[in-house]
1. Show the residue pairs meeting these rules: Cβ distance below 8 Å; 6+ apart or different chains; first residue within region 21-36 and without any contact (Cβ under 8 Å) to a residue 40 or more places away in the chain; second residue assigned to a helix (DSSP H, G or I) and of a type in the set (D, E, K, R).
2. Output the number of residues of region 39-87 satisfying the condition of being basic (K, R) and surrounded by fewer than 16 Cβ atoms within 10 Å (Cβ to Cβ).
3. Can you find even one residue in region 16-34 that is among the hydrophobic types (A, V, I, L, M, F, W, C), modelled with pLDDT of 95 or more and at negative phi?
4. For region 52-88, which residues satisfy the criterion of being closer than 16 Å to S32 by Cα and of a type outside the set (A, V, I, L, M, F, W, C)?
5. Cβ-Cβ under 9 Å, sequence separation 6+ or interchain: first residue in region 62-86 and outside any helix (DSSP H, G or I), partner not aliphatic (A, V, I, L, M). Which pairs?
Amino acid sequence: MTAQSEKGTGYDSVWDAIAATPGEAENMKIRSRLMMALREHIEQLDLTQAQAAKLLGVTQPRISDLMRGRIDLFAIDTLVNMLGAAGLQVDLRIGKAA
C-alpha cells in the first residue's frame, strides 16, 4: 500500500503511485533526486557524455542511461559515488512521513 494524498483522490508523488510499498517509493524518490542532480551538473558544465563518463569514473553508456532517466539501472550507492566523483556533496535529512 502506498501513500495517498490527504484529499484521497490521488497520490503524493508519482513514485507513491507506481511503487509496491512505501519503502520502494522512498527509494525511487531518492534515486530520482540524485539522478537529477547529476544530470543538472553535467548539463551546467556542458560536458559530452564521454567527458562526463571520464569525470564520474563510469562508461559512456552509463551516462546515457543516466541522461535518459533509467532509474531502474542505478542503485543509491552508485549514484552517491558518482556525485562524489563530480565533487558534489549529498546532505541527508530524515523526517516523519506526511
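The values are calculated or read from the model by the stated rules, or taken from the named source; none is laboratory data. The structure displayed is predicted, hence computed values, not measured ones. Quick reminder, even Gly has a Cβ in these numbers, built from the backbone with ideal geometry, and neighbours come from all protein chains shown.
1. A25/D16
2. Quick first cut of region 39-87, residues basic (K, R) only: 39, 54, 62, 68, 70.
Subset that is surrounded by fewer than 16 Cβ atoms within 10 Å (Cβ to Cβ): 54, 68, 70.
Looking only at that region, the number is 3.
3. Residues of region 16-34 among the hydrophobic types (A, V, I, L, M, F, W, C): 17-20, 25, 28, 30, 34.
If we keep only those that are modelled with pLDDT of 95 or more as well, we get 34.
Keeping just the survivors that are at negative phi gives 34.
Yes: one or more hits.
4. Across region 52-88, the qualifying residues are R62, S64, D65, R68, G69, R70, D72, D77, T78, N81.
5. Every condition considered, the pairs that remain are G69/S32; G69/R39; R70/S64; F74/R31; F74/R62; F74/D65; A75/R31; A86/H41.
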